[in-house]
């Protein structure tokens, strides 16, 4: 039996973002430089927001003309 991943875009999504976190890779010369960025609260300039939880209340019409699919295979299968 084959499995397929199917994607259909919708024209809008309505809901609420709940909470998230800032995350990123920061390149510095040493740990002291990193601590200075944290102390001065400049560290956020190097990070991006990641949404951890959300609630979808509604979504728009599915746009079947843009439907895409591909065979779904796990590496271990």
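Before we move on, is residue 55 at pLDDT 95 or above, surrounded by fewer than 12 Cβ atoms within 10 Å (Cβ to Cβ), on the phi < 0 side of the Ramachandran plot and part of a strand (DSSP E or B)?
Details: at pLDDT 95 or above: yes; surrounded by fewer than 12 Cβ atoms within 10 Å (Cβ to Cβ): yes; on the phi < 0 side of the Ramachandran plot: yes; part of a strand (DSSP E or B): yes.
Yes.
Looking only at segment 1-45, filter to residues that are touching a residue at least 40 places away in the same chain (Cβ under 8 Å) and more than 20 Å from the chain's Cα centre (by Cα); which one of those is farthest from residue 72 (Cα to Cα)?
The selected residue is 2.
Does any residue of segment 28-40 turn out to be surrounded by 11 or more Cβ atoms within 10 Å (Cβ to Cβ), assigned to a helix (DSSP H, G or I), on the phi < 0 side of the Ramachandran plot and in contact with a helix residue (DSSP H, G or I) (Cβ under 6 Å, 6 or more places away or on another chain)?
yes
Are any residues in segment 11-27 in a loop (DSSP other than H, G, I, E, B) and surrounded by 11 or more Cβ atoms within 10 Å (Cβ to Cβ), and if so, which ones?
Matches in segment 11-27: 24, 26.
The values are calculated or read from the model by the stated rules, or taken from the named source; none is laboratory data. Quantities reported herein were computed from a predicted structural model and do not represent experimental measurements. Counting neighbours? That spans all protein chains shown, and the Cβs are built from the backbone with ideal geometry, glycine included.
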